[in-house]
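The values are calculated or read from the model by the stated rules, or taken from the named source; none is laboratory data. What you see is a predicted model; the values in this text were computed from it and never measured. Positions of Cβ are backbone-derived with ideal geometry, glycine not excepted, and every protein chain shown enters the neighbour counts. Remember, those area values only see protein heavy atoms, side chains included, never the ligands or the DNA or RNA. Shrake-Rupley method; radii C 1.70, N 1.55, O 1.52, S 1.80 Å.
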Amino acid sequence: MNNRLSLSQAFVFLLRRDLLVALRNRAEYAMPILFFVLVITLFPLAIGPVPELLSRIAPGIVWVAALLAAMLSLDSIFRSDFDDGSLEQILLSPHPVAVLVLAKVCAHWLVTGLPLLIAAPLLGQMLGMPQQALPTLLLTILIATPVLSLIGAIGVALTVGLRKGGIILSLLVLPLYVPVLIFAASAVDNAAAGFDVSAQLTMLLAFLFLSLSLSPWATAAALRMSAS
Amino acid sequence: MIEFFNMGGYAMFVWPSYAISALVLWLNWYLPRNQHRKLLRQLQSRHGSQQQ
Amino acid sequence: MFLWFHKFGSPPHFYRIAGKWIPWLSGLFLVLVTAGLFGGLIAAPPDYQQGDSYRIMFVHVPSAWMSMLVYVAMAVCGIIIMVWRMKLAEIVLISSAPIGASFTFLALVTGSLWGKPMWGTYWVWDARLTSELILLFLYLGIIGLHNAIEDKRVAARAVAILAIVGAVNVPIIHFSVEWWNTLHQGPTVTKFDKPSIYWSMLLPLLLMALSFQVYYVLALFQQCRAELLRRERNSKWVEEL
């Protein structure tokens, strides 16, 4: 290429490309959200349709399901690029790999994390979550699902070269998700009880910035390792 | 002596925890050692057969 | 100093040195552990609140300390691997993982054995127990990842990255779990309130902790030697053995 892309152009280019790919494979990318809805549906079936109980544990259920759905969709961040070799192109590009990784993670979040924002309040309603908890639920999803994508990206980058990466990926990633789960679920829980949630939200924001600044580097290092 | 083994009524909890600790620590010592020996033996036999 | 570092880092040299140290370390470990056990099981008086059950502490607390120490050691190895690509660090890192996992496992099992008479149940979602459990998962993840990657040099780098990421996360996890616990804690858990610990109990505890540290080095050397031999079976220095 003669006309070299600037860094921001490359970022936008990669983001656009990934979103376009996602648009073409709509069915595949709808799976995680479907999974999310299904898992939540299972809980009333298992526990029984007791409204008080369901509304009490709704925040926990929604967040565990969100965690699992995020994990299920992780593999798609780098899988197709790894298979068709475009990952090596990315690694060879003159731009810092961490920034390009960030573009891919952003695209992944827009495709898989953002739809949760629409589905979650709906399911919250079905579980009988109190009305005043819904804004907090949306806020936590908005803040915390990017963290899930960012941390998950490290795990995927480590396992993308493996044939049986799926199980190992969950073993690697789920323990690292624990802090997000704790604070996000407790924020919604507190909101449902009518308490202040600013402490939890601040913590989640701190996680977001921390993972935003550290995770791309680790992911880039892991990708170099996997591609070698 | 019996008093010592009785552990003030907590024998059921004290001794198993020591036993399992001993077992796990011993395994961590024994397994690599065993493996090491096996490897050495393997290498030796390979080396010997090469020389013949 | 740097030369020594270099020499110590070369596999054949390390293999020989470790071989020489193992008998000494074993002896030291046996002396320390005997003294610690004597002090802990026989010399120390029963606790005025917990009776004799507190004696589990002499294996539980050192295991818990070691489970964290080993993880820190692994993370340090991870950094060395990423920066200098040192072969020995790779081997130390992966050899530490099963030992660390064992310590974590022991801390959990002895902790719940202590919890049964004290708290009335084997398992409480106590902050320390919970973060210890998550630590165990982290260890298992590292072992699993290493097993899954066939090329062991690549595996070492993967594990190094994971160990570093985990080390950044461990304090966060611990803090969150602690916070979560104070929020949810039911009245059933009676905290192990600390009267100032007696010298006769502290001394055996420290002896046991020291002996566990020696044991770690001992088991690590043992494991490293096996791993070294397995990896370098075709190299010249192995043939000369």
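For region C:57-74: of the residues being more than 11 Å from the chain's Cα centre (by Cα) and open to solvent by 10 Å² or more (accessible area, probe 1.4 Å), which is farthest from the other protein chains (Cβ to nearest Cβ)?
Selected residue: C:Val61.
Among the residues of region A:91-100, is any farther than 24 Å from A:Phe183 by Cβ and either touching a strand residue (DSSP E or B) at 6+ places or on another chain (Cβ under 8 Å) or open to solvent by 70 Å² or more (accessible area, probe 1.4 Å) (or both)?
Within region A:91-100, one or more residues are farther than 24 Å from A:Phe183 by Cβ and either touching a strand residue (DSSP E or B) at 6+ places or on another chain (Cβ under 8 Å) or open to solvent by 70 Å² or more (accessible area, probe 1.4 Å) (or both).
With the structure loaded, tell me whether C:Pro46 is in contact with an Asp or Glu (Cβ under 6 Å, 6 or more places away or on another chain) and either of a type outside the set (Ser, Thr, Tyr) or within 23 Å of B:Phe5 (Cβ to Cβ) (or both) or whether it fails that test.
yes
Test A:Leu158 against the criterion of being assigned to a helix (DSSP H, G or I), more than 14 Å from every other protein chain (Cβ to nearest Cβ), touching a residue at least 12 places away in the same chain (Cβ under 8 Å) and not polar (S, T, N, Q), and give yes or no.
For A:Leu158, the condition - assigned to a helix (DSSP H, G or I), more than 14 Å from every other protein chain (Cβ to nearest Cβ), touching a residue at least 12 places away in the same chain (Cβ under 8 Å) and not polar (S, T, N, Q) - is not met.
Only one residue in A:Gly166, A:Gly124, A:Gly152, A:Gly161 is open to solvent by less than 10 Å² (accessible area, probe 1.4 Å), over 21 Å from A:Leu54 (Cα atoms) and not basic (Lys, Arg). Which one?
Just one listed residue meets the conditions, A:Gly152.
If you take just the helices (runs of 4 or more DSSP H) that sit entirely in region A:39-129, which of them hold at least 2 residues that are among the polar types (S, T, N, Q) and free of Cβ contacts under 8 Å to residues at least 40 places away in the same chain?
A:86-92
Checking the condition of a type in the set (A, V, I, L, M, F, W, C) and farther than 18 Å from A:Val180 by Cβ, which residue from A:Leu67, A:Leu72, A:Leu38 passes?
A:Leu38
Give the residue, chosen from C:Asp126, C:Asp151, that is touching a residue at least 12 places away in the same chain (Cβ under 8 Å), away from chain B (no Cβ under 14 Å) and over 28 Å from B:Tyr30 (Cβ atoms).
C:Asp126
Just need a number here: residues in region C:149-164 that are more than 18 Å from the chain's Cα centre (by Cα) and open to solvent by less than 20 Å² (accessible area, probe 1.4 Å).
5
Quick check on region C:212-220. Is at least one of its residues more than 30 Å from A:Leu176 (Cα to Cα), part of a helix (DSSP H, G or I) and modelled with pLDDT of 75 or more?
yes
Would you please name the residue that is modelled with the highest pLDDT, looking only at residues in region C:30-56 that are of a type in the set (D, E, K, R) and buried (at least 19 other Cβ atoms within 10 Å of the Cβ)?
C:Arg55
Can you pull out the residues in region A:183-204 that are open to solvent by 50 Å² or more (accessible area, probe 1.4 Å) and either farther than 19 Å from C:Glu178 by Cα or among the basic types (Lys, Arg) (or both)?
A:Ala193, A:Gly194, A:Phe195, A:Asp196
Does C:Trp4 qualify as being open to solvent by 30 Å² or more (accessible area, probe 1.4 Å) and at pLDDT 85 or above?
Spelling it out, it is not the case that C:Trp4 is open to solvent by 30 Å² or more (accessible area, probe 1.4 Å) and at pLDDT 85 or above.
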